[in-house]
1. Does ILE87 fit the bill of being without any contact (Cβ under 8 Å) to a residue 60 or more places away in the chain and farther than 28 Å from LEU191 by Cα?
2. Please go through region 151-169 and give me each residue that is assigned to a helix (DSSP H, G or I), under 23 Å from SER200 (Cβ atoms) and either open to solvent by 10 Å² or more (accessible area, probe 1.4 Å) or among the charged types (D, E, K, R) (or both), ordered by number.
3. Which number in (1) surrounded by fewer than 19 Cβ atoms within 10 Å (Cβ to Cβ); (2) in contact (Cβ under 8 Å) with a residue 24 or more places away in the chain; (3) of a type outside the set (Lys, Arg) marks the one condition that THR148 misses?
4. Out of all the residues in region 184-200, which are of a type in the set (A, V, I, L, M, F, W, C) and closer than 27 Å to PRO125 by Cβ?
5. Looking at ARG102, is it in contact (Cβ under 8 Å) with a residue 40 or more places away in the chain and either acidic (Asp, Glu) or part of a helix (DSSP H, G or I) (or both)?
6. Could you give me the residue pairs with C-beta distances under 9 Å whose first residue belongs to region 172-189 and is in a loop (DSSP other than H, G, I, E, B), whose second residue is surrounded by 19 or more Cβ atoms within 10 Å (Cβ to Cβ) and acidic (Asp, Glu) wherever it lies, and which are 6+ apart or on separate chains?
7. For region 122-139, name all the residues that are out of contact with any Lys or Arg (no Cβ under 9 Å at 6 or more places or on another chain) and open to solvent by 10 Å² or more (accessible area, probe 1.4 Å).
8. Being in contact with a Lys or Arg (Cβ under 8 Å, 6 or more places away or on another chain), small (Gly, Ala, Ser), open to solvent by 20 Å² or more (accessible area, probe 1.4 Å) and in a helix (DSSP H, G or I) is true for just one of SER84, SER115. Which residue is that?
Amino acid sequence: NPLSEESDERPGLSAQLSIQLNKAEQPDANIPTLTENTALPLEPDPSSEEQLKPADAAQVIQQLTQARQMESRGDLRTAVLYYSDLIDLVPTNIDARLGRGRCLMEQGDYSAAMSDMQRAEDLDPKSPQPAYEMGNLFYARKDYRRATTFYTQSLNIDSTLIMARVRRGMSHHYLREHQRALDDLERALDLEPSNHHIQSCIRMVTKAMN
C-alpha cells in the first residue's frame, strides 16, 4: 500500500482552529507560491442542483464559470463575490465553497478559508478535493506536518491525485524527510512521466540527499 507509511488521521476541529488562523496575518515572502489552479474540472454536482429549475441550473454553471475566470485572472475579490452569490443560490455546491476558500486563502483570510473548506468536506466526505485544499492552506502557512496529514487524507480517497502526492512529497522535503519526499515524487512521476515540474522537484530532493 503506497500510503501505508502515512497517518490518515484528520486533526480534530478544535486542533485545527487552535492555530488561531488570523485573517490579518499575511504569509511571508519565503512561503512556497501556489501557482497552479487547483480547481477540479467544471462538473456540476447533481446532488446540489437536482432540485433546481433548468434556468437556475444554467445560472449555476454561468456563475461558477465567471468565478473561476476571475480567480484565474487574479481578481480574487470579484471571484469571492461570484462564489458567494452562487453559495447563496445553492448552499450545497462544494465547487463554490472550495473556490471561495481558495480565494480567501490567497487573500490571507485563513479562518474563513478553512471554514469554507470544512463545510465542503461536510457536504461531500467522499471527495478528495476538500482535504487537498486544506492541505494547500497549511502548506502555504509552512505548517508542513499538518499539510501532509490532509494530503494523505485526500490520497486515501483518490490515490491518483497527482498534485496531492507532489505537495505531500514537497512537504516531506521541507521537513527534511527526503526519502519519503522522493517516494511520493517518483510515484507522481510514474503517473505523469512528462511533468517537468515533478522532474524539477525530484532533482531538488535528490540534491538535498547528497
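The values are calculated or read from the model by the stated rules, or taken from the named source; none is laboratory data. Quick caveat: nothing in here was measured; it's all calculated off a predicted structure. Here the Cβ positions follow ideal geometry from the backbone for every residue, glycine too, while neighbour counts run over all protein chains shown. To get the accessible areas, we keep the full protein, side chains included, count just its heavy atoms, and leave off ligands, DNA and RNA. Shrake-Rupley method; radii C 1.70, N 1.55, O 1.52, S 1.80 Å.
1. Numbers: without any contact (Cβ under 8 Å) to a residue 60 or more places away in the chain: yes; farther than 28 Å from LEU191 by Cα: yes.
For ILE87, the condition - without any contact (Cβ under 8 Å) to a residue 60 or more places away in the chain and farther than 28 Å from LEU191 by Cα - is met.
2. ILE162, MET163, ARG165, ARG167, ARG168 - these are the residues of region 151-169 that are assigned to a helix (DSSP H, G or I), under 23 Å from SER200 (Cβ atoms) and either open to solvent by 10 Å² or more (accessible area, probe 1.4 Å) or among the charged types (D, E, K, R) (or both).
3. (1)
4. Scanning region 184-200 gives ALA188, LEU191.
5. yes
6. none
7. Passing the criteria: ASP122, ASP124, PRO125, LYS126, SER127, PRO128.
8. Values: SER115 fails: in contact with a Lys or Arg (Cβ under 8 Å, 6 or more places away or on another chain).
That would be SER84, the only listed residue that is in contact with a Lys or Arg (Cβ under 8 Å, 6 or more places away or on another chain), small (Gly, Ala, Ser), open to solvent by 20 Å² or more (accessible area, probe 1.4 Å) and in a helix (DSSP H, G or I).
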